[in-house]
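For reference, the structure discussed in these notes is given below.
Each value in this text was obtained by applying a stated rule to the coordinates, not by laboratory testing. These numbers were taken from a predicted model, which means no experiment stands behind them. No Cβ is skipped: glycine too gets one built from the backbone with ideal geometry, and neighbour counts run over all protein chains shown.
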Amino acid sequence: MELFLKLLTVVGSIVVPIFIAFWNTKNSIKKHPKEEFAEDVKIAERFATAVNTAQPMLVKDRLTQQLLETKKVTYFEVMYFYEYSDMEKWVNKYISVRDELKLVRNSKGEIVKIHHPHSRKKAILFSLGYICFALLGLLPFLFINWYTETYFNSIDSKQYLVVFNLIIWPILSLIIALTFLIEGIKYKDAKRFVKKFEAEAIKV
């Protein structure tokens, strides 16, 4: 009972402040929707003004980032989507895969096309990398009897380097497998984004 109370105290001291902060944030958003909307309109107007003026590029970049509430995009990138409906939707999707895309620019630095240099070999590499390292990481589970016997024998004989390798290499292999999986998903998502944008984006 005493142990349960101690655990409850520790968990409570962590969870309660987080819940309070979330509640306060939620309430603060609900308290002033008109003020926030008005501020958004002002920022949008400032951005629209900057489009037609010769302001320094740094200022335009900062206005762009303020408009979309992210520093992961530049003025020229947003201007490419500016003439399309649902600009914010396309920009947000673009940000998630921008590292996988190639931007084609004109002599002024403006983006004229977004291209995904898809390579079948690279896609296969991501898949093979994931499969190979996932199998390596799962070897202890596939050969659990041998693994546990070797592990405990190494501890008994004080072969700590062997113990270290038995623990660290499966973990590293799973981490690498997860990295291949994530990068492979991003690579495919980038290709899908370009295809979907070219098929569905509507100029206004």
Applying a 10 Å radius around every beta-carbon, put 76-89, 106-119 in order of their mean neighbour count, most first. 76-89, 106-119
Alpha-carbon spread of region 45-204, three principal axes, descending order, Å: 76, 31, 27
Roughly how far apart, in whole Å, are the Cα centres of region 145-203 and region 70-88? 34 Å
Skipping prolines and chain starts, which residues have an amide H placed within reach, meaning under 5 Å, of the one on Tyr84, given they are 5 or more residues away or on another chain? Val204
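Local charge sum around Val204 (other residues, Cβ-Cβ under 11 Å, Lys/Arg +1, Asp/Glu -1)? Let's see the in-between values first.
Values: positive: Lys203; negative: Glu83, Asp86.
Local charge sum for Val204: -1.
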Pop the C-beta distance of Tyr151 and Ile124 into the FRET formula with R0 = 30 Å and round what comes out to the nearest 0.05. 0.30
Can you list the HN-Hα couplings for region 144-154, worked out from phi with the Karplus curve (6.51, -1.76, 1.60; θ = phi - 60°), rounded to whole Hz and with x for Gly and Pro? 4, 5, 4, 5, 5, 5, 5, 4, 6, 5, 5
